[in-house]
Amino acid sequence: MPHLKADPFDTSVISQHIYEGSPIRFRALPIDHDESELIGVHYGGEDFLLLLKKTPDAYMLKYEKISRPLDTNLLKRAIDDVAKRLELQVHASNLTQHEKRPKIASAYEKPIAFFEDLKDFGFPKVAVEVGFGSGRHLLYQAKRHPDTLFIGLEIHTPSAQQVLKQIALQGIENIWVVNYDARLFLEMLPSNLLERIYVHFPVPWDKKPHRRVIGKAFVNEALRTLKKEGVLELRTDSENYFRYALETFSALNRTRFTVRKNADIEVVSKYEARWRRMEKNIYDIHLFCEEESEAKEKIGEFNFDIVKYEKGIEARLPKAAQRFDDLFFHIERIYRIENEEAVLVRLSLGSCDRPEHKYLYLGKRDAGFFPNDPVKSRSNYEAYQRLLAMLNERR
């Protein structure tokens, strides 16, 4: 991903470039560890962080993964702009922009916040594909069913970018791409919306089963968001995953599902084609939604109006993870915002098996998550309430 290496320099000059018209908004210095600095930037309408990693021989300037936007060229331009403003002596980079390559169909890239209380999806039918990879199945289904909106979820950024390019090349208008965790995304959708949820060849996670997409919470959300007679479709080459899914589905109070082995489907990925040549078994389970669900629970706002920065609060924040039944929050790193009475806190929060990673800005005049709020899920909101209470107590 985009980065550059430069000669070591006096990083205090960063603060001299914080002024109107500059993309640099603040400099954040570590106070509880020896790791690198953060640079807050506003570029191309996006707020995000750049990471400045220091070694004795060279400094590396790159994107910070929690806050990074999906558009790689935007990141490259931002890093290059900051480097030029700071007059860095660059000796290696990968910031070349490939303008002749297909452009990302950015209109079809949807941030997670887009789905907050969204009711009109613009199509009579909606389907979701979880972890679309190369996008072959997603693109095929979208072209075959133009009356259906297909929402593709993919946490692997290069895969999401490639599918957005294919959308532009092929002129497809019924796909939205979301670069986010599917387990959290489903909690944003209205009840009884989806015709189908595809989960094709998810990562088996044999040594870390808690990281699997298929799980009790995900299945419950899938059944809530599916219409009556809608289908959750799992396809896997892992016998362990197949048996695990069977056990998960069978534990439901009311269950109807079908099982197939080595069934042909209309379009396969290059990996499935390879597995077929190797005579590897492919398993399908189709879980059917048998009843309508109640409307989605209303989640409150992430509001920090009652909490502001007070001198010394950083020393009073807990270092260990704070756990409450099936949810938690954990303050991982704290940064001091230079020339401000403020700190930037890196933290994780929410459900223990599907946490979110965020930054929290605590200033003298305002406070809030940076650059955007967590997903409005029950576990995230309850963890936020615990975090808010702790911050209020430690003032």
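Where a number appears in this text, it was derived from the coordinates with a stated rule and is not lab data. The shown structure was predicted, so the numbers you read here are calculated from the model rather than taken from an experiment. Please note: Cβ atoms are built from the backbone with ideal geometry, for glycine as well, and neighbour counts cover all protein chains shown.
Judged by the gyration tensor of its Cα atoms, with axes a ≥ b ≥ c, the range 176-251 is prolate; a/c meets the 1.5 cut and a/b is the larger of a/b and b/c. Toward the positive end of the charge dipole of the range 1-157, with +1 on the Cβ of Lys and Arg and -1 on the Cβ of Asp and Glu, the farthest Cα among 61, 93, 18 is that of 93. Extending 7 Å from Cα along the Cβ direction at residue 157 and again at residue 253 yields two label points whose distance is 4.3 nm. Listed by Cβ neighbour count within 10 Å, with the fewest neighbours leading, 306, 79 appear as 306, 79. In order along the range 56-62, the phi-based Karplus estimate (6.51 cos²θ - 1.76 cosθ + 1.60, θ = phi - 60°) of 3J(HN,Hα) comes to x, 9, 7, 10, 10, 10, 8 Hz; Gly and Pro are listed as x. When the chain is treated as a Gaussian network with alpha carbon springs shorter than 10 Å, the biggest mean-square fluctuation among 336, 277, 212 belongs to 277.
For the range 336-392, the equivalent ellipsoid built from the Cα gyration tensor has semi-axes of 22, 12, 9 Å, listed from largest to smallest. In a Gaussian network model over the chain where Cα atoms closer than 10 Å are linked, find which of 385, 16, 166 has the largest mean-square fluctuation. Its mean-square fluctuation being the largest, the pick is 16. Checking every one of the trypsin sites (Lys or Arg not before Pro) in the range 278-328 against DSSP loop status and a limit of 14 other Cβ atoms within 10 Å picks out 280, 298, 311, 319. In a simple Cβ point-charge model (Lys, Arg +1; Asp, Glu -1; nothing else charged), the chain has a dipole of about 860 debye relative to its Cα centre. Computed on the range 315-382, with alpha-carbon pairs under 8 angstrom and 6+ residues apart, the relative contact order is 22 percent. For the range 3-93, what value does the Rg/Rh ratio take when both radii are computed over Cα atoms and Rh is the Kirkwood radius, given to two decimals? That ratio equals 0.92. When peptides 34-47, 179-192 are ranked by their average number of other Cβ atoms within 10 Å per residue, the highest-first order is 179-192, 34-47. Mean separation of Cα pairs under 8 Å and 6 or more residues apart, divided by the residue count, gives the chain a relative contact order of 14 percent.
Once R0 is set to 25 Å, what does the formula 1/(1 + (r/R0)^6) return for the Cβ-Cβ distance between residue 113 and residue 20, expressed as a FRET efficiency to the nearest 0.05? So, using R0 = 25 Å, E works out to roughly 0.40. Helical runs assigned H by DSSP (4 residues or longer) give the chain a calculated mean residue ellipticity at 222 nm of -7000 deg cm²/dmol, each run adding -39500 (n - 2.57) before division by the residue total. Proximity of backbone amide H atoms, modeled 1.01 Å from N, is registered between residue 25 and 40, 41, 42 at under 5 Å, excluding neighbours fewer than 5 places apart on the same chain. Taking all C-alpha pairs of the range 106-288, those more than 27 Å from each other amount to 24 percent.
Packing, as the average of other Cβ atoms within 10 Å across residues, places the peptides 49-58, 262-271 in the order 49-58, 262-271, highest first. In this structure the amide hydrogen of residue 132, modeled in the peptide plane, comes within under 5 Å of the amide hydrogens of 153, none closer than 5 places in sequence on its chain.
Model label points for residue 332 and residue 203, set 7 angstrom from Cα along the Cα-to-Cβ axis, are 1.4 nm apart.
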